[in-house]
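Encoded as structure tokens, the structure appears first; notes follow it.
The values are calculated or read from the model by the stated rules, or taken from the named source; none is laboratory data. This is a predicted model, so every value here is computed, not measured. Neighbour counts run over all protein chains shown; Cβ positions are idealised from the backbone, glycine included. Side chains included, ligands, DNA and RNA excluded: accessible areas come from the protein's heavy atoms. Shrake-Rupley method; radii C 1.70, N 1.55, O 1.52, S 1.80 Å.
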Amino acid sequence: MRFPVVIHTDNNVDFGIFLPDIPGVFSGGHSIEECLTNVQEAVEMVCEAKGLKELPEPSPLAEVMASEAAKDGWVMMADIDTGFLNNRVVRISLSVPEYLLPRIDKRAHQAGMTRSAYMVHSALA
């Protein structure tokens with residue numbers, strides 16, 4: 001989903017970016033490209049913190065360009081991957097060496113998790 005974002009800089013070395021349609025989404029970077037990449041993580045963090053299950057419809061580009069928030073900045077479109085909002089659990093088939101399964105189960109039990117939860121958690125660590 002493409003959202004208008006506003007980018008500001010004071011010194012052309014460090015840039016700040018915010019997404020007017022989702023209050024609290026701010027990020028930065030050393031280049032415009034880095035800002036556009038970092039805004040995805042900022043959107044995910046704000047949505048998780050606020051418990052958002054869906055994103056609002058993007059504002060029209062012309063509306064954001066005419067806003068006070070865009071004054072002295074650049075307005076660009078950022079492609080926000082909304083896949084993180086889909087937390088539906090899916091069943092997968094996973095092959096592991098047989099001797100590892102008892103180790104995985106033991107560690108999962110020690111962590112107070114199911115095998116599946118432990119493996120997902122380990123993959124994300």
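Identify, among 87, 30, 118, the residue whose Cα sits farthest towards the positive end of the charge dipole of the chain, taking +1 on the Cβ of Lys and Arg and -1 on the Cβ of Asp and Glu, with the dipole about the Cα centre.
Selected residue: 118.
With the other protein chains left in place, how much accessible area per residue, in square angstrom, belongs to the chain at a 1.4 angstrom probe?
On a per-residue basis, the chain sits at 72 Å².
Between the helical axis of 32-50 and the dominant principal axis of the chain, each derived from Cα atoms, what acute angle in degrees is found, rounded to the nearest 10?
Taking Cα atoms only, the helix is inclined about 60 degrees.
Compute the helix-to-body angle for 100-110: its Cα long axis versus the longest principal axis of the chain, expressed 0 to 90° and rounded to tens.
70 degrees
Taking the highest mean first, how do the peptides 17-23, 82-88 order by number of other beta carbon atoms within 10 angstrom per residue?
17-23, 82-88
Show me the ranking of peptides 26-39, 91-104, 65-78 by mean Cβ neighbours inside 10 Å, starting with the highest. Please report the intermediate quantities before stating the final value.
Details: 26-39: 16.6, 91-104: 8.1, 65-78: 13.9.
Going from most to least packed, we get 26-39, 65-78, 91-104.
Please report, in debye to the nearest 20, how large the charge dipole of the chain is about its Cα centre when each Lys and Arg carries +1 at its beta carbon and each Asp and Glu carries -1 there.
On the way: 10 positive and 17 negative charges, 206 e Å.
Dipole magnitude for the chain comes out near 980 debye.
Give the carbon-plus-sulfur fraction of the accessible surface of the chain in %, rounded to a whole number; probe 1.4 Å, heavy atoms of protein chains only.
54 percent
Specify the angular offset, from 0 to 90 degrees and rounded to the nearest 10, of the alpha carbon long axis of helix 115-124 from the longest principal axis of the alpha carbons in the chain.
Taking the Cα atoms of the chain, the angle to 115-124 is about 40 degrees.
Report which label in (i) 1.46; (ii) 1.17; (iii) 1.26 holds the value of Cα Rg over 2.2 N^0.38 Å derived from the coordinates of this structure.
(i)
So, in Å, what gap is there between the alpha-carbon centers of region 110-125 and region 30-107?
Cα centroid to Cα centroid, the span is 22 Å.
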